[in-house]
1. Mind pulling up the Rg/Rh value for the protein assembly as shown? Radius of gyration and Kirkwood radius, both on Cα.
2. Please work out the FRET efficiency for the pair residue A:263 and residue A:140, using the Cβ-Cβ distance as r and a Förster radius of 45 Å; give the result to the nearest 0.05.
3. In bins 5 Å wide, starting from 0, what share of all Cα pairs of the range A:88-131 does each bin hold, as a percent?
4. Distance between Cα centroids, the range A:232-271 to the range A:3-18: provide it in whole Å.
5. What number results when the radius of gyration of the range A:1-67, computed over Cα atoms, is divided by 2.2 N^0.38 Å?
6. For chain A, modelled as a GNM with alpha-carbon contacts under 10 angstrom, which of A:132, A:46, A:229 fluctuates the most?
7. From the Cα gyration tensor of the range A:174-328, with a ≥ b ≥ c the square roots of its eigenvalues, which class applies: rounded if a/c is under 1.5, or else prolate if a/b is larger than b/c, or else oblate?
8. Given N residues in the range A:190-232, what is its alpha carbon radius of gyration divided by 2.2 N^0.38 Å?
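Computed from the coordinates by the stated procedures, all read-outs in this text should not be read as laboratory data. The shown structure was predicted, so the numbers you read here are calculated from the model rather than taken from an experiment. All Cβ positions, glycine included, derive from the backbone under ideal geometry; neighbour counts span all protein chains shown.
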């Protein structure tokens, strides 16, 4: 079905499914089929921040004092974070927007992606401060085998969905041969690809990001690279919200609260969804191997990081109705909670009481006492 | 609103009973009793503290954004309004 940027037919978005219904026409938010996405948009916008607000100048001094293995951990971690946000800054838009049918979900995806671009900009902010020319770091992201292996797994499901959607939009359902390869395109196949893609995004937001956060905050625990940690704290708060959104989408499908066919697919592809999670866990453990290849740092080593991956995977898998395959009972990195607690994220004082801080606010409450000293 | 002196009996599966006041969130009460509980954001949007509510009622201090099932609650942003029976995942 051809995509149209403004669907001329009148559609009732309250009865559309989240994906693969009619294209959205009017961007209206007064009514929502799934009000959670409207709430997520509002929350995310209230989190707005700019990398330049955070002073990272002290980090340069700290960085010079790090040992070589620590420098390797810090920079590799930053490269990985840059990769993750490079993917997330564009992929949800390109993969999901053409097939979304609800205005609130469409805007949520746009808002989500936009915040990932803020994250990408903050990596440049951090690196520009550490190196007079950060080109080597950025250039290595596309040639470093350890990072490339992750990148291909992260982008695979997106690319698959995007390609299938393009075929469907231009050639319709059927069997199509492109460059000698045969592709079967029908609604069911497209929806399966969407389901797997959403699971892969969920695993990315649920596990991959948290491994990188743990590395950043391990430095902050030693009072090192604190500017960087302040930025990552803001990023972690956003990612928490993004994770909530993918968990909502997966659960809405699985509980049959949206497209009944998606509920069937969720059941049918449960093993594949689990496999995506297990794969992410295995890859993150491999990554820990690479990070600590030259030596550990105080407070964090390969074993603890691997335990944390398992601990966080148990929680994230339970959240989407999967089993908890790992035997880790307590949090191996309890201090992580101090950094993920949104109360500890520094905000401008006038904004800490959000409800009372409104631009151009007018006091509309008038009590009778206000006229007590008023005489005619 | 609720009287801050009011206390409710909270029965936590596999842990035991605790007493909760209504001027604290359920998460704060659980922590005050040194019971291990997961949390991240403490604001209802991450879902790390998701807990099964087996019996009783709670009211939310902020609208919970994280996904919770019909039989689940987010202790970080709710206060008990009756005696509760909960099961904290571990």
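1. On the way: Rg = 23.9 Å, Rh = 24.1 Å.
Reported Rg/Rh (Cα atoms, Kirkwood Rh): 0.99.
2. Efficiency at R0 = 45 Å is approximately 0.55.
3. Pair shares across the bins are 5, 23, 24, 16, 12, 8, 6, 4, 2.
4. 22
5. Details: Rg = 21.6 Å, N = 67, 2.2 N^0.38 = 10.9 Å.
My calculation over the Cα atoms of the range A:1-67 gives 1.99.
6. A:132
7. Details: a/c = 2.25, a/b = 1.94, b/c = 1.16.
Here the range A:174-328 falls in the prolate category.
8. On the way: Rg = 15.3 Å, N = 43, 2.2 N^0.38 = 9.2 Å.
With N residues counted in the range A:190-232, Rg over 2.2 N^0.38 Å equals 1.66.
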